[in-house]
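Structure first, commentary second.
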Amino acid sequence: MEVPRLHPDTIEEVKQRVDIYDVISEYVVLRKRGKDFVGLCPFHDEKTPSFSVSPSKQMYYCFGCQAGGNAIKFLMDYKKQSFSEVVLDLARRHQISIKTLEPEQRQELQRQLSLREQLYEVLALTGSFYQHALRQPQGEVALNYLKRDRNLSEETIGQFQLGYAPAGWETLYRYLVEQKRYPIAIVEQAGLIKPRKTGNGYYDVFRDRVTIPICDTQGRIIGFGSRTLGAEEPKYLNSPETPLFDKSKTLFALDKARNSIGKDDRAIVVEGYFDAIALHAAGITNVVASLGTALTQDQIRLLMRYTESKRVIFNFDADKAGTQATHRAISEIEPLVDAGQVQIRILNLPGGKDADEFLKSSADAVDTYRQLIQSAPLWFDWQIQQLIQGRDLKQADQFERVAQNMVKLLDRLEDSNQRSYYLRYCAEILSQGDSRTISLHLNSLLAQIKKPKRQFTPKVKQTVQPPPLVLAEKSLLDEAEADLLGIYLHCPEYRSAIVEALEETELFFSLPHHRLLWQQIMELREVSSDRLISQLQDRLVQFPERANQLSHLFQITETKQWEDSTRAPIMIRTAIASLEQVAQEKYRRYCLQQLQQLDPVQEVEQMHYLYQEIQNTTQRIRELEKRRRCEG
């Protein structure tokens, strides 16, 4: 939707009421350091915290990538939203009155905002309805199931707002639409009713089922899970996708687990709702559950906000289906795992039990579970054990199959230290206790694995900073960045194309005065085209030196016809190619410097990798030069 300009009073009240720590701590694990807080920067990959949040100044700053600003700026960058969208969301969450500069648009604005609010409202009311139905005679079977079969206490049933969806086809429909007078469209968009395939009318999505509310990280109901009480299929049924509920980006019980995940610095992921509920009831509260699909990268990244060390434990069933689910989960998040961005461990409980069954198996099951969590193997060790499980390595065909599968696993590792460790480990397994053959198997494995394809950090004798720009590259960069900024200022129809091109290539403005102007542009994205230049010039008064460097961008000259829209697409492509070429040149020089630090005898693998990187980068630079000549 087109968001109207906000009244300055609304913006100022949001700035006064919103605390930067409360905002950022929802997305970044922060640790107290003196008067400020520090954490891992969410805007670039890092292992040592360089991201600082100052409650006294209500500002954040990253010493690694130089990202900085206030709470509004953080949400704009993190959530990729406009200034107005962020302010509106913060105003709604803090119950701040919304004023706009166009009173006639107020009604439309409120209509758009009220859609999500109505969805939250109808879902919250439905949750209460299901909880009430659980305590009625019709809900007796469901309540007995929760208490006797699942062994849940009243406290736990209340904590998770468990309920019962009555068996009638239109019970909830009549309650929400006919009694409470909610529009049918709202109830349908909330995923609670569906239109009948034949004839008129609607029917309830959940019928004669135990209901389990699914909440967002703020604890608001966004959907429901459910379990049948009879033989109906599917046994478990979730809400459909809605404006509030995306199962690929949601984790059950995260709203209740996130504080414990931060405190314990690790998260446990189980398969089922009742596994998570049982563990929470047992006092193990850093637990979430997937929603019936393979775990996605979005879900893992969501968890990684709350654990500083990025430790996640998969506790799926140990039977065949559970093992397959574990493999699916790993394959889905393989890029994060292989790159070392998340540390995955695998817990298979004895006897093939799920967590809920295991906790009921003995009096000391909770203590045993905690011990098993501590000793859960890393995902790679687990996968190696899966390879050799049930195999007789004395049989030639089985030995060959295990060795081939080991090579496939080892080939996925990008970190050289991990590779070295697991190469030795696999060689020891293949030697079957004969230490004399370890070196033979080690060399055989090493000869078969490929070189790392993605990010790889060679071992160096000393820290080498990426080399600075040379003069020719700085000139190329200056011209390319100026062209992009000039087109953005004077050709509004190409603004989205420039933003998309930068995001797709993960490029950014490097020269300080251009970076400053781009930051100001991003903060004024909602300003109308005819006012953007004047407002930017007003802001740049605070930076007189930078303003002088940028003044030529605000005027059209004979040499830079930025208003010529026919040339703009070509100029954009040429400028993007120039930015990438400069980045590739810097990386090539960096690899050359790294190469000079290596020992050609002891660090052969790293040298091979760097040689390959230099060759690939050189080829890419040639392609970019050719593209620039053709475009130009």
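The values are calculated or read from the model by the stated rules, or taken from the named source; none is laboratory data. Note that the structure is predicted; figures quoted are calculated from it, not measured. Ideal geometry is used to build each Cβ from the backbone, glycine not excepted, and the neighbour counts take in all protein chains shown.
Return yes when Gln161 is within 30 Å of the chain's Cα centre (by Cα) and assigned to a loop (DSSP other than H, G, I, E, B) and no when it is not. If you could, list the steps in order and put the result at the bottom.
Working: within 30 Å of the chain's Cα centre (by Cα): yes; assigned to a loop (DSSP other than H, G, I, E, B): yes.
Answer is yes for this residue.
Check segment 474-491 and report whether any residue there is in the same structural domain as Cys591 (by TED's automatic domain parsing), part of a loop (DSSP other than H, G, I, E, B) and either closer than 30 Å to Met571 by Cα or at pLDDT below 85 (or both).
Yes.
Given the structure, is Ala185 closer than 30 Å to Val86 by Cα and outside the structural domain of Lys360 (by TED's automatic domain parsing)?
Taking the combined requirement at face value, the residue satisfies it.
Of the residues Gln398, Gln371, Gln383, which is more than 25 Å from Ala276 (Cα to Cα) and part of a helix (DSSP H, G or I)?
Gln398
Can you name the condition, by its number, that Thr285 falls short on among (1) of a type outside the set (D, E, K, R); (2) touching a helix residue (DSSP H, G or I) at 6+ places or on another chain (Cβ under 9 Å); (3) buried (at least 24 other Cβ atoms within 10 Å of the Cβ)?
Here Thr285 meets the rest and fails (3).
Looking at (1) outside any helix (DSSP H, G or I); (2) buried (at least 16 other Cβ atoms within 10 Å of the Cβ); (3) modelled with pLDDT of 85 or more, can you tell me which one Leu413 breaks?
(3)
If you check Thr326, Thr285, which single one turns out to be modelled with pLDDT under 85, not in a strand (DSSP E or B) and not assigned by TED's automatic domain parsing to the domain that holds Leu152?
Thr326
How about segment 505-539: which of its residues are surrounded by fewer than 14 Cβ atoms within 10 Å (Cβ to Cβ), of a type in the set (Ser, Thr, Tyr) and either touching a strand residue (DSSP E or B) at 6+ places or on another chain (Cβ under 7 Å) or in contact (Cβ under 8 Å) with a residue 12 or more places away in the chain (or both)?
Hits for segment 505-539 are Thr505, Ser529.
Based on what the data block shows, is Glu108 at pLDDT below 80 and either within 30 Å of Ile193 (Cα to Cα) or touching a Lys or Arg at 6+ places or on another chain (Cβ under 6 Å) (or both)?
Yes; evaluated as a whole, the condition is true for this residue.
Restricting to segment 387-402, what's the tally of residues that are closer than 22 Å to Ile344 by Cα and surrounded by fewer than 16 Cβ atoms within 10 Å (Cβ to Cβ)?
First, the residues of segment 387-402 that are closer than 22 Å to Ile344 by Cα: 387-389.
Those left that are additionally surrounded by fewer than 16 Cβ atoms within 10 Å (Cβ to Cβ): 389.
Summing the residues that are closer than 22 Å to Ile344 by Cα and surrounded by fewer than 16 Cβ atoms within 10 Å (Cβ to Cβ) in segment 387-402 gives 1.
Restricting attention to segment 39-59, does a residue exist that is among the basic types (Lys, Arg), at pLDDT below 80 and part of a loop (DSSP other than H, G, I, E, B)?
Within segment 39-59, one or more residues are among the basic types (Lys, Arg), at pLDDT below 80 and part of a loop (DSSP other than H, G, I, E, B).
Do we find that Asp275 is surrounded by fewer than 20 Cβ atoms within 10 Å (Cβ to Cβ) and in a helix (DSSP H, G or I) in this structure?
no
Quick check on this structure: which one of Arg258, Arg266 is within 30 Å of Leu119 (Cα to Cα) and surrounded by 21 or more Cβ atoms within 10 Å (Cβ to Cβ)?
The conditions single out Arg258.
For segment 350-389, give me each residue that is within 12 Å of Ile313 (Cβ to Cβ) and in contact with a Phe, Trp or Tyr (Cβ under 8 Å, 6 or more places away or on another chain).
Correct list: Ala355, Tyr369, Trp379.
Which numbered condition trips up Gln81, out of (1) surrounded by 14 or more Cβ atoms within 10 Å (Cβ to Cβ); (2) under 23 Å from Lys249 (Cα atoms); (3) in contact (Cβ under 8 Å) with a residue 12 or more places away in the chain?
(3)
Residue-wise test of (1) modelled with pLDDT under 80; (2) more than 27 Å from Glu493 (Cβ to Cβ); (3) more than 37 Å from the chain's Cα centre (by Cα); (4) charged (D, E, K, R).
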{"residue": "Gln561", "(1), (2), (3), (4)": "yes, no, yes, no"}
{"residue": "Pro569", "(1), (2), (3), (4)": "no, no, no, no"}
{"residue": "Ile572", "(1), (2), (3), (4)": "no, no, no, no"}
{"residue": "Glu585", "(1), (2), (3), (4)": "no, yes, no, yes"}
{"residue": "Gln593", "(1), (2), (3), (4)": "yes, yes, no, no"}
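If you take the residues of segment 492-520 that are hydrophobic (A, V, I, L, M, F, W, C) and more than 26 Å from the chain's Cα centre (by Cα), which of them is modelled with the highest pLDDT?
Leu517
For residues that are more than 16 Å from Met571 (Cβ to Cβ) and either part of a helix (DSSP H, G or I) or charged (D, E, K, R) (or both), tally how many sit in segment 497-528.
16
Across segment 305-323, what is the total count of residues that are modelled with pLDDT of 80 or more and out of contact with any strand residue (DSSP E or B) (no Cβ under 8 Å at 6 or more places or on another chain)?
Summing the residues that are modelled with pLDDT of 80 or more and out of contact with any strand residue (DSSP E or B) (no Cβ under 8 Å at 6 or more places or on another chain) in segment 305-323 gives 0.
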